[in-house]
Amino acid sequence: MEIADETRALGRPGGRTRRAKTRMTFEYTGRHVEVTPAIRRHVEEQFRKLEHIFNGNNVPVHVILAVEKNRQTGELVVHWLDHTLTASDTNADMYMALTRAVGKIEKQALKLKKRIIDRKHNARKTSEIAPHPDGQIEATPLPVRIINARRYSVKPMTAEEAALDLSARPDNFLVFRDAETSRVGVLYKRQDGNFGLIEP
């Protein structure tokens, strides 16, 4: 049995503050388990500790609870800054599973926030400041250059063979010719540990 619960909103209580409020909306789904008020309070208390990370954005959170025999799983899907953060944990205790899942979301959010900040910082560093005709200053991006060209020997192999070959290499991608279709493809390593395939 799957139960979809109504959406709940979480925000800081009233009062003026200089920092923008983070508004979090929660949607709960229970699979073979009742979503009790105590569970909702536990989840929302855990996420309240993350409000400073989300920094005033609207953050929808989908909480999925599932029970199978003695395995209790808490899964979280968080939409933030045009990215989807997902985490799950399985434990004999549902509260512990949810606490650990929120901890995983916190690590992902911090990593994403740092990557965005670094990207903005690098964009400012790689721009040149040029005077504008009307006296204003505008940033002119540096032209893109090809630093180094490498030649690869394209070997015929299947996608599975290419995956085995790439997993044994330090490279992030492998160019190969599909032995079945004779098409050239590019197999690359994804951040989640899997492989992606680009074909013409």
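No lab work stands behind these numbers, since they all come straight from the coordinates. Model, not experiment: these values are computed from the prediction. Using ideal geometry, Cβ is built from the backbone for each residue, glycine included, and neighbour counts are taken over all protein chains shown.
Full extension of the chain segment joining residue 113 with residue 197 gains 27.5 nm, where the gain is 0.36 nm per residue of separation less the Cα-Cα distance.
Assuming R0 = 22 Å, what is the FRET efficiency of residue 44 and residue 67, from their Cβ-Cβ distance, to the nearest 0.05? Could the numbers behind the result be given before it?
Numbers: r = 20 Å, r/R0 = 0.93.
Once rounded, the FRET efficiency stands at 0.60.
Pairs from the list 21/104; 155/189; 49/104; 21/113; 49/113; 21/49 with a Cα-Cα gap above 20 Å: 21/104.
Please arrange 144, 61 by how many other C-beta atoms lie within 10 Å of their C-beta, fewest to most.
Values: 144 6, 61 24.
The fewest-first ordering by Cβ neighbours comes to 144, 61.
Neighbour counting of Cβ atoms within 10 Å sorts the residues 188, 28, fewest neighbours leading, into 188, 28. Any idea what log10 I(q)/I(0) is at q = 0.31 Å⁻¹ for segment 155-198, Debye with uniform C-alpha scatterers and no solvent? With one equal scatterer per Cα and no solvent, log10 I(q)/I(0) is -1.15. For residue 26, nonlocal amide neighbours, meaning residues 5 or more places apart or on other chains whose placed amide H falls under 5 Å from its own, are 8, 9, 10, 61. Shown is the FRET efficiency for residue 123 and residue 34, computed with R0 = 41 Å from the Cβ-Cβ distance and rounded to the nearest 0.05: 0.25. Computed from the C-beta positions of residue 179 and residue 57, the FRET efficiency with R₀ = 41 Å rounds to 0.30.
Look at the dipole of segment 155-198 built from charges on Cβ: of 179, 198, 168, the Cα furthest out on the positive end belongs to 198.
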